[in-house]
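Colleague: Handing you this structure, nothing more for now.
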Amino acid sequence: MGREKQITQLLHDIRGILSYQKTCSVGEYPGDAGLDSFLTKCNWKVSTPLLPANVAQVERVLDKNSAISHPAPITKSDQNTLSEIAAEVEICSGCALSEQRPCVVPGAGSGDNIRLLIVGHWLSATGKSTAVFGAEEDHMLQRMLKAINLPMESVFITNVIKCAVTPDVQPQANHIEACSSYLVRQIAAIAPELICSMGMVATKSLLRLPQSLSQLRGRFHTYQGVDGCEIPLLPTYHPGYLLQNSEMKKATWQDLQVLEKRMVSTL
């Protein structure tokens, strides 16, 4: 890769990290010599060295120095079928996770007559797997859907990150950003009636709101899709979290009842 492309990719990755950290309510960074050196090299004048840097200010630096600081918006004319997107995921090398992934996880579902899209974070696996959230997690999710009388053929399940990761790897914000277009295009292709985000990563990736999952769960919010399309989105806890924290099953059941009521009302 040429030097210019390397710099462009680096700036794109930094912007992805900034974008994700803003969704986590990170407003500024503590000043240090490294940050001061970076801003100086970008010709951003600071009156006092080592001041905390506002995230928005750093983003403006990137805007001046990166030709691809904002990706082109995805429109309905760009929609692909789920199978086409899955084929792209299979050969994706957009981030470092692709170098050591045990397998890829585009999602599970028929693609026909899907009413509900369920989104989690990523699959943790040591080898090839047919699971989406994990073996136990998928089994729990199936029981959850059965409890609200929702057939599996009406559901598509996927993750924010499409690469499975080994248990010793912790995905970072730039990995999430690298995968974001796949999820956006899946939503556009499916056009579900409702979305259920399971876990903090999925919820913040889709809603871009600063509140915690405990503050957001229990009620519907709005996912802003392509061409201004708005899809009701219900956040709740991830099955993996419930396996470790059984006391939260009651709250999740309440969320599922909210989901069931909305599904019935849209028939």
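Any read-out appearing in this document is the output of simple, stated calculations on the displayed coordinates, not a laboratory observation. All values derive from a computational prediction rather than experimental measurement. Positions of Cβ are backbone-derived with ideal geometry, glycine not excepted, and every protein chain shown enters the neighbour counts.
Colleague: Can you put 229, 92 in order of Cβ neighbours within 10 angstrom, beginning with the fewest?
Modeller: Placing the least packed residue first, the sequence is 229, 92.
Colleague: Between residue 128 and residue 215, 0.36 nm times their residue separation minus their Cα-Cα distance comes to what?
Modeller: Stretched fully, the residue 128-residue 215 segment lengthens by 27.7 nm.
Colleague: Residues of region 143-172 with amide nitrogen under 15 Å from the 7 Å Cα-to-Cβ point of residue 108?
Modeller: Inside the label zone: 143-146, 151-160, 164.
Colleague: Which entries in 204/261; 146/250; 128/249 show an alpha-carbon gap greater than 18 Å?
Modeller: Over 18 Å Cα-Cα: 204/261; 128/249.
Colleague: Taking the beta-carbon count within 10 Å as an exposure proxy, list 101, 208 from fewest neighbours to most.
Modeller: Details: 101 20, 208 13.
Fewest-to-most Cβ neighbours within 10 Å comes out as 208, 101.
Colleague: Got a sec? How would 180, 197, 246 order by Cβ neighbour count within 10 Å, fewest to most?
Modeller: 246, 180, 197
Colleague: For region 85-150, what class follows from the C-alpha gyration tensor (a ≥ b ≥ c being the square roots of its eigenvalues): rounded when a/c is under 1.5, otherwise prolate if a/b is larger than b/c, else oblate?
Modeller: oblate
Colleague: At 0.36 nm per residue, and after removing the present C-alpha to C-alpha distance, how many nm does the segment from residue 149 to residue 261 gain when stretched out fully?
Modeller: In short, 39.2 nm is gained.
Colleague: For the pair residue 90 and residue 139, how long in nm is the line joining their label points, each one 7 Å along Cα→Cβ?
Modeller: 3.0 nm
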